[in-house]
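First comes the structure, then the notes that go with it.
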Amino acid sequence: MTVRTSHKTVTFTQPFSLSGIDEVQAAGTYTVETDEELLPGVSVPAWRRIATLIFLPSRPGGAFVEQMVNIDPLELEAAQERDAACG
């Protein structure tokens, strides 16, 4: 099975939260990675999203250098829209 990965950065001007992340995240720029798999047996290439991850920076005194969290891309989009409306 063929998998492709894309990366983008998202910037929040206000603190934000997403389900699956225990703490409110600080305003800043975050890397988001999306993995998609090629659908077999179709006449034109078609891709299905299989995972969207956000990379969270370490917190001072935290146990992790960096944490990756699987997120809902629609929830991320909604959080970005709320952030833009506040800015």
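Extension gain for Q80 to V32 (0.36 nm times residue separation, less C-alpha to C-alpha distance): 16.0 nm.
Quick note on the chain: its Rg to Rh ratio, both from C-alpha atoms and Rh being the Kirkwood radius, is 1.05. For the chain, a crude dipole built from +1 on the beta carbon of Lys and Arg and -1 on the beta carbon of Asp and Glu, taken about the Cα centre, is about 160 debye to the nearest 20. To the nearest ten degrees, helix 73-86 and the longest principal axis of the Cα atoms of the chain are 40 degrees apart. On a per residue basis, the chain carries 67 Å² of accessible surface, using protein heavy atoms and a 1.4 Å probe.
Counting protein heavy atoms only, the chain has 53 percent of its accessible area on carbon and sulfur, 1.4 angstrom probe. For the options V44, V69, V24, a Gaussian network treatment of the chain with springs between C-alpha atoms closer than 10 Å singles out V44 as fluctuating the most.
For the chain, what is the calculated [θ] at 222 nm in deg cm²/dmol (nearest 500), taking -39500 (n - 2.57) for each run of four or more DSSP H residues and dividing by its residue count?
-5000 deg cm²/dmol
Using Cα pairs under 8 angstrom and six or more residues apart, how large is the relative contact order of segment 5-87, in percent?
Values: 134 pairs, mean separation 22.9, N = 83.
With pairs under 8 Å counted, the relative contact order is 28 percent.
The values are calculated or read from the model by the stated rules, or taken from the named source; none is laboratory data. This one's a predicted model, so the numbers in the text were calculated from it and none came from an experiment. Because the Cβ atoms are built from the backbone with ideal geometry, glycine has one as well, and the counts that use them run over all protein chains shown. In case anyone asks, the SASA skips ligands and DNA or RNA and just uses the protein heavy atoms, side chains included. Shrake-Rupley method; radii C 1.70, N 1.55, O 1.52, S 1.80 Å.
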